[in-house]
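The values are calculated or read from the model by the stated rules, or taken from the named source; none is laboratory data. Remember, it's a predicted structure, so these values are computed and weren't measured experimentally. Quick reminder, even Gly has a Cβ in these numbers, built from the backbone with ideal geometry, and neighbours come from all protein chains shown.
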Amino acid sequence: MLTYTDFLLAMPLFSLTVTVLLIIATEAARVGRARFSQFLAITGLLVTSLLAGLNLRESGVAFQGMIATDAASSYLTILLSLAGIVTALVARPYFEHRDAHRGEFYILLLFAIIGMVLMASANDLITLFLGIELMSFCLYVLAGFERTKDKQNESALKYFLLGAFASAFLLYGIALIYGSVGSTNLDAIARAYAGISNQPLFLLGTAMLIVGLGFKVAAVPFHMWAPDVYEGAPTVVTGFMATAGKSAAFAALAIVMIRTFDIGGSTTADVLALLAAASMVLGNVVAIAQTNLKRMLAYSSVAHAGYLLAGVAAGTAEGFAGVFLYLTAYTVTTLGAFAVIGWHERTNDEGTSLDDYVGLSQHQPVIAAVMALYMFSLTGIPPFAGFIGKYYVFMAAVRADLTWLAIVGVLTSAVSAFYYLRVIVMMYFRERDGEHIPLPRIPVMIALGITAALVIVVGVLPSTVLQLFMPAM
Amino acid sequence: MTPLLLYIVFGAFAAAVIAPLLVRWFGDRASAVLAIVPASVVGIVFFMLGPPPDGLLQATIPWIPSLGIDLSFWVDGLSIIFVLLIAGIGTVVLVYAGAYLHDHRDLGRFLTWIMVFMGAMLGLVTSGNLLTLFLFWELTSISSYFLIGFLHDDAASRKSALQALLITGAGGLSLLAGFILLGSAVGSYELSAILTSGDAFRSSEWYLPGLLLILIGAFTKSAQVPFHFWLPNAMAAPTPVSAYLHSATMVKAGVFMLARLHPVLNGTSEFHVLVGTAGAATMILGAVSAFGQRDLKRLLAYTTVSALGTLVLLLGIGTETAVQAAMVFLLAHALYKGALFLTVGIVDHETGTRDVESLGGLWRMMPMTALAATLAALSMAGLPPMLGFIGKELLYEAKLAAPWAPWTITALGVTANILTVAVAALMTLRTFGGASSSVRTAHDPSWQMWGGVALLASLGFAAGMAADLVATHIVGPATTAIRGERVETSLGLWHGVNPVLLLSLATLASGAALYALHRPIRRMTAGWRPWKAERAYDAALAGMLASARKQTLWLQSGQISTYLALTLLATLLLVGLPILAFWPQLSMVVAMDLALLPTVIAGMMAIAAFLAVRAKTSLGSIIALGVVGYGIAVLFLLYSAPDLAMTQFAVETLSVVLLMLVVAKLPEFRQMGSRSTRLWQAGLAGAGGALMTLLVLFVTAEPARMTLATFYGEASYALANGRNIVNVILVDFRGLDTLGEITVLGIAALGAVALLRLVVDKEDGR
């Protein structure tokens, strides 16, 4: 039976859907231009985060157990909306500059966010899969948004082909789990877990799930698409993909592995820990050799997937909280960094190489300072957001008897300092001989302001953030 | 008390923020204005905090309660001695830097970073929680990175800044790992809990790994062998930075850490052996290397390495006398070495060179500087009545009474000290005394510069004269804090004729003799560096870069077939290994009584799949794949799933048509890959197929679940009053799905409208 509560709990999803329908309608009727779509999208996302904020203290299951709303899912909805708002703000200057500002960008963006919110509030493997596919299809198209550019076409096609492959594994895994439990409902699986956690069929299903979700979060060895796609896609899309996409996939992974499966201490946890260590080592070491900033951040995002996996592998409530806190820190920081890259990039896609940033501090001291802030945060230097995230995840790993993983994480973080700080060195310690780039336009400045402020706020007041999605902690 | 403590730590950070503004308002004098901050800290410690009665002040401000991280302060005698050094020498250095970096365009940035560094150091030594302590520790590494690389036009300067950051930064992370082990073993990160749990930690299994990790952190920071090489290289920094970071404060942070955790770590043979050996090796190596240097700054840097080794050695010995000696020596060394570094800065500033060989006779041109520097050098050589003398006496006393290998340690100590005496003589006599050199135009700099040298040198003298005051108010509380028990200290210049005094005299005489012979000996040992640990660092860095590049070539080829193959391989491992592990438990049904039609269709599909792979054109592949797809549809039909079959037919037709449309525009296959590539791909594909087949066999062995069908069968009339199950499902049970589908169709229609209008626009030429 559907009740009023069902709709109340799913309010953010409805507000997103209504917004996207409105945009489609206005686009079809050509009431406004792309700018109007941007306005609608930002307004809709603001309303959505407001509604999700009202739901922060609610919790319950809606639509016959298909979705579950609680503090964590509402919080993630806010985070995803924020990522959407920042992306929408940055997108207009970016695409207008390239003569490619079209309304369907916002339609795809919002559909992707609907998929992501669905993933974060999934209470059934089917809902989860639906969310993943909705998100992925929009991202495939977004990766090749400027359809006349070969590089973007290549990026989109690669992402699509490999992504479809991973989705197939995911679906197969779901089928196997259904075969051993008799239900795809997460509550039902959680109840049955103790009895079936050692059944071969269930474990095979879990392994397939890990393959599928491992691809979506770009963990080693399923990370190969990330550098090519991140580099090829339009920078605003890359920023969105790397943050919101990863957040939603990790939320799904945490919900399945920690809340539903309770993997703490099991073989599954060990497998995840291995993937985590491999991602940390490979992502960080290879990032050093990169000369293109987009590609460097792609590898660094592989490394961050490793840190996040450490939280998932811990399998505890602390690990869960750590993942969400880390996602917050990572999302606000990386969004900001990509906003800077998008601003700095020239229309012919040049200007993303590390050498192009030489002496930036002399021409644009404010932007250079903000970028330095992001780099510090990504390295995990206190008191910025990145540190708190890393600290929390590693602590969870240690308490779950994965001390070795925490030590690998700490050591690879040391390696990462090398390439993040190199960006700062380029900006500050060299003389500028390149061209002068004018200050970003107002929307980009707003986006940078929001993310930079959050990098500091999350770093200084992590407890307040933690209270939002973990009222009990 | 709390506001005062907060001011001690955060005053400097606040000042850092406004430093660029101050430079805009006051110009060079901004540094003197900023010096008010550390000067007031010294004042607070002297007059307001006083020597704490039980040697302890505590305050806690909650930060992340859920993690148990609080901003807690722990100020005891050990903290006080360090706060005095950091703030006191900081004041002198700030005043000095204003004149030294006169009119430098980046003065604002310099002052910001040096204030950040000062705040981090003050936070480090007053912190009451291991984790906040670690934060401040890393912050000192980072701010020192910017200070060493301050003269960033110089490539060597950038390289050594990075080297220092990587070594101390990596050491810091090792320290964090050690802290985590320590904290987990004790169950708290608060110093109050940790310092009283020494026995618990020493007997836990985490002791040895924890100790090693913490020691690596401390040794990298305090430039102990084999991590010492970054310190002489860091001399690329401006001299005020060298004086402040690389003699008085930052490099002492590792010593501070050993002292701070002394009650927890000390007392095992592992601790004595590891710390003692590293300290002794560093002490002797630094002294030997110092003697052969030509550059005054590097010369001082190596004596600093030696002094740090001495401090670590003393803490490794760990007896009451040794700890006391360490504290006196710490104080004496900071005062004279700070002064001498600043002197080198003056010499460099005035003459333009730091080469010992080309300097001489400067006392005539800069008498005030010469006088102050000589006073400092007397303390370094350990002559009475300087504090350096008392330090050396205590040092010998502690070494002679060491619980293990006292004679070896003493012999090494005497050797190092002889070299130090000779270097002190070299530093002053060669530079300021003797015949005049080629330099003619030098003169005393402004008082801001020589005044600092004079102040530090006289403090060394005053402390020697008033040794008892120093003992009761500074060294005593510090020793008490390190030992974890009340220690009464008294210091004096004269203890009668005893072995220690004789050793001192012998040291001085040998040192003087060595100086007399320094020209031939230095010529022999010039540039001699017995240890090449730096090569390991260079090799590691190069190796990391090379492996990163290699990986990119190997795995990140950009070829989608490689990516797909690797993904498949990983999946095979991840899913295949559990199958192998569970093989005995898995059951499968291999039915042999298959009907003819399905068998034929399956056979056709297999042949078609094989042909799809072998096809020479993409058209052939598509057709063959189409056969496979339609085969599946027929199988669905045969096993009574007509709805699935219909869907499959529709999807298959659509995809074949679409693929054909696309393929028509694609070129033929030109490259098929080498034979070995194809073989490995065939193997991988075969393995993937085998895995899928196995999975199907396992799944069919599970009992089928018919709950859904039964449910709809029973409930359709009872709940929804409908006899046509399909209708009931569509409009009742899954009504919402149907609504969703209608919405989807609506959205698709809207999209189609938008697209069509686009086409119409184009045709209209709009």
* To do: Kindly indicate whether A:Thr347 is over 30 Å from A:Ile263 (Cβ atoms) and part of a loop (DSSP other than H, G, I, E, B).
  => yes
* Can you tell me which of A:Ile255, A:Ile263 is away from every other protein chain (no Cβ under 11 Å) and out of contact with any Phe, Trp or Tyr (no Cβ under 9 Å at 6 or more places or on another chain)? -> A:Ile263
* Structure fact -> the range B:427-528: helices (runs of 4 or more DSSP H) wholly inside it with 1 or more residues that are over 30 Å from B:Met327 (Cα atoms) and among the charged types (D, E, K, R) are B:518-525
* Asked: Just a yes or no: is a residue in the range A:317-326 outside any helix (DSSP H, G or I) and over 17 Å from A:Thr243 (Cβ atoms)?
  -> no
* Give the residue, chosen from B:Thr310, B:Thr319, that is among the polar types (S, T, N, Q) and more than 14 Å from B:Thr420 (Cα to Cα). => B:Thr319
* Structure fact -> When the range B:138-152 is checked residue by residue, the ones that are more than 9 Å from every other protein chain (Cβ to nearest Cβ) and either at pLDDT 85 or above or part of a helix (DSSP H, G or I) (or both) are B:Thr140, B:Ser141, B:Ser143, B:Ser144, B:Leu147, B:Ile148
* Structure fact -> Sole miss for B:Ala376 among (1) under 27 Å from B:Val93 (Cα atoms); (2) crowded, with 24+ Cβ neighbours inside 10 Å; (3) under 34 Å from the mean Cα position of the chain (by Cα) is condition (3)
* So which of A:Tyr193, A:Tyr178, A:Tyr159, A:Tyr230 is within 9 Å of chain B (Cβ to nearest Cβ) and either farther than 30 Å from A:Leu89 by Cβ or not hydrophobic (A, V, I, L, M, F, W, C) (or both)? -> A:Tyr178
* Could you figure out which of (1) away from chain B (no Cβ under 11 Å); (2) modelled with pLDDT under 85 isn't true of A:Thr403? => (1)
* **the range B:308-321: number of residues that are buried (at least 24 other Cβ atoms within 10 Å of the Cβ) and closer than 19 Å to B:Ala467 by Cα** => 0
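With respect to A:Ala289, determine if the residue is closer than 20 Å to A:Ala385 by Cα, within 14 Å of chain B (Cβ to nearest Cβ) and among the aliphatic types (A, V, I, L, M).
no
So is A:Ala417 among the small types (Gly, Ala, Ser) and more than 28 Å from B:Leu166 (Cβ to Cβ) or not?
Judged against the criteria, A:Ala417 is not a match.
Which one of A:Thr43, A:Thr48 is under 19 Å from A:Ala112 (Cβ atoms), away from every other protein chain (no Cβ under 14 Å), out of contact with any Leu (no Cβ under 9 Å at 6 or more places or on another chain) and not aromatic (Phe, Trp, Tyr)?
When all the criteria are applied, what remains is A:Thr43.
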* Please give the number of the condition A:Thr127 fails out of (1) closer than 24 Å to A:Met257 by Cβ; (2) in contact with an Asp or Glu (Cβ under 9 Å, 6 or more places away or on another chain); (3) of a type in the set (S, T, N, Q); (4) surrounded by fewer than 24 Cβ atoms within 10 Å (Cβ to Cβ). => (2)
* Go over the candidates A:Tyr106, A:Tyr75 one by one and state the one that is over 25 Å from A:Phe137 (Cβ atoms) and crowded, with 20+ Cβ neighbours inside 10 Å. => A:Tyr75
